[in-house]
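These notes concern the structure reproduced below.
The values are calculated or read from the model by the stated rules, or taken from the named source; none is laboratory data. No experiment lies behind these values; they were computed from the predicted model shown. Neighbour counts run over all protein chains shown; Cβ positions are idealised from the backbone, glycine included.
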Amino acid sequence: MQVVVNEQNFEQEVIKSDIPVLTVFEANWFAACELIKPIIAEIEKEYDGIVKVAKIDVDEIPNIARKYYLHNFPTVMLFKDGEQKATTVGYRPKYVFEDIINNNK
């Protein structure tokens with residue numbers, strides 16, 4: 001399940017979510033962000049109901065990225081029970097995201 005996240009609903013959709021949220025901070029102009037899109041789409045389908053996927057365009061919503069001191073993209077964070085449980089930066093193969101999810105169910 002993918003959710004649209006903005007500054008107004010970030011807390012509700014990500015921090016207070018009842019299931020883990022794989023949060024993708026991306027910039028459309030950055031090549032590595034484009035490279036992980038198909039991987040994230042696969043994760044979204046395969047883990048539907050297990051995790052939510054939240055995509056945040058850092059150009060459109062920079063304040064959330066600033067809150068977490070993010071400067072390199074893509075940055076993928078997994079939030080669970082209101083806490084940041086895992087973070088990875090840059091292009092990563094699919095198994096890295098699967099490991100993050102499976103280690104934090």
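Screening region 17-91 for strands (runs of 3 or more DSSP E) wholly inside it with 3 or more residues that are under 20 Å from N103 (Cβ atoms) and among the β-branched types (V, I, T) returns the ranges 21-26, 83-89. Close contacts from region 71-98, counting a first residue that is surrounded by fewer than 18 Cβ atoms within 10 Å (Cβ to Cβ) and a second that is basic (K, R) and modelled with pLDDT of 95 or more, with Cβ to Cβ under 7 Å and a gap of 6+ residues or different chains, come to G82/K16. Take V21 and tell me if it is in contact (Cβ under 8 Å) with a residue 60 or more places away in the chain, in contact with a Phe, Trp or Tyr (Cβ under 6 Å, 6 or more places away or on another chain), surrounded by 14 or more Cβ atoms within 10 Å (Cβ to Cβ) and under 19 Å from Y68 (Cα atoms). Spelling it out, it is not the case that V21 is in contact (Cβ under 8 Å) with a residue 60 or more places away in the chain, in contact with a Phe, Trp or Tyr (Cβ under 6 Å, 6 or more places away or on another chain), surrounded by 14 or more Cβ atoms within 10 Å (Cβ to Cβ) and under 19 Å from Y68 (Cα atoms).
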